[in-house]
Amino acid sequence: MGEPRDEDLARRAAGGDDAAFAELVRRHAPRVRALCEATLGGPAEADDAAQETFLKAHRSLGRFDGRSAFATWLHRIAVNHCLDVLRAASRRRSESLDALLEADGAALGLALSEESPAKALEARDTAERLLARLNPEQRLALTLRETEGLSYEEIADAMSCSLDSVKARLRRARAELLEAARHFSDVRDV
Amino acid sequence: MKHEEVRTLLGEWVDGELGAAEAAAVSAHAASCADCGADAARLRRLGAVLFRAAAPADPRATEAFVARVMGRVEADAVSPWERFAGRWLAPGFALALAGLVAAVWLPSADRFDLPLDAQLVADGRGALPSYEGVFEVAP
Ligand SMILES: [Zn+2]
């Protein structure tokens, strides 16, 4: 017997079985929440986004055809929702935030050039401002690569885009960040 | 491989996404070019520097999250009446009620605006009245 498969739970949930849907939420909440938090930064925003992801999934259960794994299908909904949130945020962002703060670039440059094992920047505002410089697609591709370790093919699948788009998005995201870091480390090296 | 070409491939190399021949060429260049070697090292640190590792999921926090989602699922889209009808009314009673609602409500309605189901009910030609049709036309 064992545990019911996700796909069976999804079929039951589509038929109105709320307990089956609750079990799906229980199983997949940690990954969905982690993705939302890595993409959106703040825990409150991440919680909202994760809830919205599951609500959208619940409304679309009738369209889940079982051709892909439930986890893959749900992940795609989460990715799309995070993209929507990032796009809305980038439309709201003021011009002033586009100017990179010198201190942010310097902090990144230092963290990238140290010899000790890499660890996350203590100042989350700094990481957030740096990531906010990327466009939503670039930022999400980088997040999927760096936090979930997805292959390029898996990222293309999750973002419904081509392999070339994945390569281009990652390349631009990283070039932008290294550029921000380099500017200040070069100045310091002189 | 030229320096400029290697620069565009460093990320794919670090990610292990290059084929064997390209990977070998990039690797050889990065070993002898200080700039490319240093950028590859920066790229390898980038993820860990910008993203915090996710905290392990706390089962209690997960349960609280499940409860929040299920609370919203319950409230979402389904009207209380629809839920009541779906869960508690015996199917036969639901059909009878639908017929009654249709009979009382439909004569005054503009029938051309009604969904097909409701028109069939009103015309008495439908095999079985569909209570979904009635709910759709109800205000
Ligand atoms: Zn080089």
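Observations on the model:
- GNM result for chain A, Cα springs below 10 Å: residue of A:144, A:83, A:178 fluctuating most strongly: A:178
- Reduction of at least 10 Å² in accessible surface, 1.4 Å probe, comparing all protein chains with the chain by itself, residues of region B:37-52: B:39, B:42, B:43, B:45, B:46, B:47, B:48, B:49, B:50, B:51, B:52
- Rounded to the nearest 500, the helix-only mean residue ellipticity at 222 nm of chain A stands at -25000 deg cm²/dmol, with each DSSP H run of n ≥ 4 adding -39,500 (n - 2.57).
- Sulfur and carbon atoms: percent of accessible area, region B:16-73 [1.4 Å]: 59
- Per-residue average of Cβ from other chains inside 10 Å of B:58-71: 5
- Shielded residues, region A:150-181 - accessible-area loss of 50 Å² or more between chain alone and all protein chains, probe 1.4 Å: A:152, A:171, A:174, A:178
- With Cα atoms as the point set, chain A shows a radius of gyration and Dmax of 19.1, 68 Å.
- Of the trypsin sites (Lys or Arg not before Pro) in region A:31-87, those whose Cβ has at most 11 other Cβ within 10 Å and which sit in DSSP loop: A:67
- Global form of region A:95-190, assessed from the alpha-carbon gyration tensor, a/c cut-off 1.5: prolate
- Per residue accessible area of region A:7-109, 1.4 Å probe, in Å²: 47
- Theoretical FRET efficiency, 1/(1+(r/R0)^6), r = Cβ-Cβ of residue B:68 and residue A:135, R0 30 Å, to 0.05: 0.45
- Relative contact order (percent, whole number), chain A, Cα cutoff 8 Å, 6+ residue spacing: 21
- Approximate shape of region A:1-92 as ellipsoid semi-axes (Cα gyration tensor, √5λ), whole Å, largest first: 25, 13, 11
- Compared with the alpha-carbon gap, the fully stretched path from residue A:179 to residue A:88 is longer by 30.2 nm at 0.36 nm per residue.
- Highest mean packing first, where packing is the average number of other Cβ atoms within 10 Å per residue, the peptides A:108-114, A:40-46 line up as A:108-114, A:40-46.
- For the pair A and B, total buried accessible area rounded to nearest 100 Å², probe 1.4 Å: 3700
- Carbon/sulfur fraction of accessible area - region A:1-92, other protein chains in place, 1.4 Å, %: 50
The values are calculated or read from the model by the stated rules, or taken from the named source; none is laboratory data. Bear in mind that the values here come from a model prediction, so they are computed numbers and not experimental data. Counting neighbours? That spans all protein chains shown, and the Cβs are built from the backbone with ideal geometry, glycine included. These accessible areas exclude ligands, DNA and RNA; they are computed on the full protein's heavy atoms, side chains included. Shrake-Rupley method; radii C 1.70, N 1.55, O 1.52, S 1.80 Å.
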